[in-house]
Amino acid sequence: MAGPKARERRNMADEALVRSLFNEHGKAMLGYATRLTNDRAAAEDVVQEALLRAWRSPDSLVNSKGSVRGWLLTVVRNIIIDRARARNARPTEVAESPTTVPVESDHADRVVDTMVVLDALEHLSSEHREVLEQMYLQGRTVGETAEVLGIPTGTVKSRSYYALRALRELFPKRATGMEGAA
């Protein structure tokens, strides 16, 4: 069993390890985590947790096949992924206040939106419309759409690009046309 002096030396060595890791890789870790989370405070928490994991398993740093920075950035990414999965696994929280009244969207607005979109789709070529229907209405991926329609994936991508561009060009015209009618 290690004596108190041995434990103290071990704690000092561990603290020195974490400090040196932070001094050498902290900025890169924080920058990477901030880019992935778009939240500086969350990124700081992730970096702290990554350093804690490094402190708990210093052998991983020494025995890893890649660089220490690569290992640390992988740990940062994995922590962020784990947190996102945990958030998505939990049901959405709902306020329990008896005075809170659920806000319902107006059904008429949804009907009008649907009619406008369906009308706009009719102005597209059948090839462009088919691709958008498969991808957005049926929820298929580019690969699945290509398989269903019997065309290459590059063609699916091209047709969806030009179809969406045509829809964008169509909607401003509709908005200006409606303004004149009022």
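Would you grab the residues whose amide H sits under 5 Å from the one on ARG140? Only those 5+ places off in sequence or on another chain, please, with H modelled 1.01 Å from N.
MET135
In a shell of Cβ-Cβ distance under 11 Å around LEU149, excluding LEU149 itself, what net charge do Lys and Arg (+1) and Asp and Glu (-1) give? Mind dumping the intermediate values first?
Numbers: positive: ARG140, ARG159; negative: GLU127, GLU130, GLU133, GLU144, GLU147.
Surrounding charge for LEU149 is -3.
In whole Hz and in residue order, list the ³J(HN,Hα) couplings for the stretch 109-124 that follow from phi through the Karplus curve 6.51 cos²θ - 1.76 cosθ + 1.60, θ = phi - 60°; x for Gly and Pro.
Along the stretch 109-124, the couplings run 4, 5, 5, 5, 4, 4, 5, 5, 5, 4, 5, 5, 4, 5, 7, 8 Hz.
Over the alpha-carbon set of the stretch 9-89, work out the extent along each principal axis and list the three values in angstrom, largest first.
41, 22, 21
For ARG83 and ASP113, compute 0.36 nm times the residue count separating them, minus their Cα-Cα distance, and round to one decimal in nm.
Gain in length upon complete extension: 7.3 nm.
Read the figures in this text as sums done on the coordinates, not as results from a lab. What you see is a predicted model, and the numbers here were worked out from it, not measured in a lab. Positions of Cβ are backbone-derived with ideal geometry, glycine not excepted, and every protein chain shown enters the neighbour counts.
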